[in-house]
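To keep things clear, I will list the structure first and then write my remarks on it.
The values are calculated or read from the model by the stated rules, or taken from the named source; none is laboratory data. All figures in this text were calculated on a predicted structure; none of them were measured in a lab. Here the Cβ positions follow ideal geometry from the backbone for every residue, glycine too, while neighbour counts run over all protein chains shown. We work out accessible area using only protein heavy atoms, side chains counted, and drop any ligands, DNA or RNA first. Shrake-Rupley method; radii C 1.70, N 1.55, O 1.52, S 1.80 Å.
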Amino acid sequence: MNQSATTTPAIPLDRRISRFMSDQPLVPLIILLIALVVVLQILRPGIVNERWVANTVRFAIPLAILAGCQTMTMLTGGIDLSIGTVATMSAFIMVTQAVLHDPAVAILIALIPAILIGLANGIGVGIFRVHPLIMTLGTSLIGTGCLLVYQRTVIASGARVPESLAWLGTGITYGFPNALLLFVPVAAAIIFTLRSTGFGRLLYAVGDNEKAARLSGVIYWKVIATLYVVSALLAGITGLLYIGLIKSPSLSLAEPLVLPSVAAAVIGGTSIFGGRGGYAGTIIGALILTILTTLLTILQMPEGARRMLFGLILLLVTAIYLRIIENR
């Protein structure tokens, strides 16, 4: 008796896990986020309450916006190391100009250098084909030098954080941080842009296959120039929000957020090789890193060890995503 039965070969467990993570990238992130909250509650019973949630979200928002800059640039296979300097410049210029001008005027003045640095990055990467890592590192160093020169010219004028920015950065209304009034529209705009606009599709196309995108009529330099200007403008806005939260101007205000912003984007599922990722996962990645920072503070881990941990996270997550791509 002949039996013609076909059996499908069993899919290995590691490939099934890889496929699940590729199809549902937010699920493991949410599980990890919940697990960190549980561990935090176990180590410090009672810490997880309404006030802690509000403070966590409040400190995660600047990181999430900067990570949004990284997400968009990484979709094209690039990176933006200048966002920390741009955010710091915008904050420092605004608080010093607020002594002399109306806060609205001071904000406009502060955002001009941000736009100029973004334009320089876009021209360097898009037209002259300088590698994004080198270009943004160079503009970051130039911006830092300019800020040092500027600081000497206004050292006697003092600084003032406008009440409106302090309210936005530190205020909590009905248990919700006031910073959400800025973050929600920004996050919605980024998600909508990436998912539903031609510009968003161009970012994915350029990152996935630049040569094919060029052959299909994409004007590469225009896409890249627009991208880096938008990234710098968002970084400048983040600096204004962050100074309202910290209330203490510094020449290195937002620099410590650069590496975590890259880590948040990578953890959120954005590929450093371009063409894959999204902002929703990046937001969760920013929350994960913020809670992880709280956890490390409770464990009294020094700053150097934290930076080492962020570096290891980048290497580990990149290796995981490479394995996922291989098993697809």
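Along the three principal axes, how long is the chain when you take its alpha carbons, biggest first, rounded to the nearest angstrom?
98, 58, 35
At a 1.4 Å probe radius, carbon and sulfur cover how many percent of the accessible area of region 49-326?
70 percent
What do you reckon, how do Tyr242, Tyr279 stack up by accessible area (1.4 Å probe), largest on top?
Most to least solvent-accessible, the answer reads Tyr242, Tyr279.
Could you rank the peptides 194-205, 257-268, 116-127 by their average count of other C-beta atoms within 10 Å per residue, with the highest value first?
257-268, 116-127, 194-205
For region 76-81, in order, what is each residue's ³J(HN,Hα) by Karplus, 6.51 cos²θ - 1.76 cosθ + 1.60 with θ = phi - 60°, in whole Hz (x at glycine and Pro)?
Ordered by residue, 3J(HN,Hα) equals 8, x, x, 7, 10, 8 Hz.
Can you give me the distance in nm between label points at Leu251 and Met301, each placed 7 Å from the Cα along the Cα-to-Cβ direction?
3.1 nm
Can you compute the charge dipole magnitude of the chain about its Cα centre, using +1 on each Lys and Arg Cβ and -1 on each Asp and Glu Cβ, nothing else charged? Give it in debye, rounded to the nearest 20.
400 debye
Please state the relative contact order of region 49-326 as a whole percent: Cα pairs under 8 Å, 6+ residues apart?
35 percent
Helix 132-153: angle to the longest alpha-carbon principal axis of the chain, degrees 0 to 90, nearest 10?
20 degrees
Quick one: angle between helix 258-267 and the longest Cα principal axis of the chain, in degrees between 0 and 90, rounded to 10, please.
The angle comes out near 20 degrees.
Against the longest principal axis of the chain, how steep is helix 103-126, in degrees 0 to 90 to the nearest 10, with axes from Cα atoms?
50 degrees
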